[in-house]
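Contents: one structure, followed by commentary.
The values are calculated or read from the model by the stated rules, or taken from the named source; none is laboratory data. Quick caveat: nothing in here was measured; it's all calculated off a predicted structure. Here the Cβ positions follow ideal geometry from the backbone for every residue, glycine too, while neighbour counts run over all protein chains shown.
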Amino acid sequence: MTGAAKILVVGPLGVGKTTFIGTVSEIKPLFTEAVMTQAGARVDHDVAGAKTTTTVALDFGRMTLDGELVLYLFGTPGQQRFLPAWKDLAKGALGALCLVDTRDLGAAFDALGNLEDLGLPFAVAVNVFPDSPDHPDQELRAALDLLPDTPLVACDARDHRSSVSALIALVRHLIATALEGPA
């Protein structure tokens, strides 16, 4: 595959979307981080409880795979109240990588539901945190209610190789989905 593709990086608050884009981007990424306010603290919770900033518009990075396919990566805010911006970012996207955290799988349901509502093909990457419980893939698939052909991979958003592997799994899925044609 050659050319360019717009890819969303989605998931709940604090799952590692900004870190992921910063890790893989070959250009200086654009981040729209803002300090979390006291008002937002009542509704915005991350698993670790240590988050002090949050994405308020988007994160942007670029990565070239195999010297031929340029991926333009758009990270979405994790909070459901930013869904209108999320929908705008999804326009023209070929697919999405949804990051999840096994410490709070339920937090991923909004992002996964949004992707399904948009009809956007996606892969799921379990971002492995030091204190994340480890679950067999079959249990994760059941807990997240994933279709059998939805790619499920583990990654560490801080590790370049691991994060690139997650994107490759998504691109392979997008190619397979395109080859299958419309249902």
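Miscellaneous remarks
- The single residue among 95, 14, 75 that is surrounded by 15 or more Cβ atoms within 10 Å (Cβ to Cβ), within 16 Å of residue 107 (Cα to Cα) and modelled with pLDDT of 80 or more turns out to be 14.
- Cβ separations smaller than 6 Å between residues 6+ apart or across chains give the following pairs from region 1-28 residues that are basic (Lys, Arg) to residues that are assigned to a loop (DSSP other than H, G, I, E, B): 6/92; 6/93; 17/11.
- Test result for residue 59, under 15 Å from residue 9 (Cβ atoms), in contact (Cβ under 8 Å) with a residue 40 or more places away in the chain and acidic (Asp, Glu): yes
- Residue match in region 134-152 (condition: at pLDDT 95 or above, part of a helix (DSSP H, G or I), surrounded by 15 or more Cβ atoms within 10 Å (Cβ to Cβ) and among the charged types (D, E, K, R)): yes
- In region 104-133, of all residues being under 22 Å from residue 21 (Cβ atoms) and aromatic (Phe, Trp, Tyr), the one that is surrounded by the fewest Cβ atoms within 10 Å (Cβ to Cβ) corresponds to 129.
- Test: residue 37 is among the β-branched types (Val, Ile, Thr), modelled with pLDDT under 70 and more than 13 Å from the chain's Cα centre (by Cα): yes
- The requirement of being in contact (Cβ under 8 Å) with a residue 60 or more places away in the chain and more than 19 Å from residue 17 (Cα to Cα) is not satisfied by residue 160.
- Residue 169 falls short on exactly one of the conditions (1) within 16 Å of residue 13 (Cα to Cα); (2) in contact with a Pro (Cβ under 9 Å, 6 or more places away or on another chain); (3) at pLDDT 95 or above, and that condition is (1).
- Residues located in region 75-119, provided they are of a type in the set (Val, Ile, Thr) and not in a helix (DSSP H, G or I): 76, 100
- Taking the criterion of being at pLDDT below 90, small (Gly, Ala, Ser) and closer than 24 Å to residue 110 by Cα, the only residue of region 55-72 that qualifies is 57.
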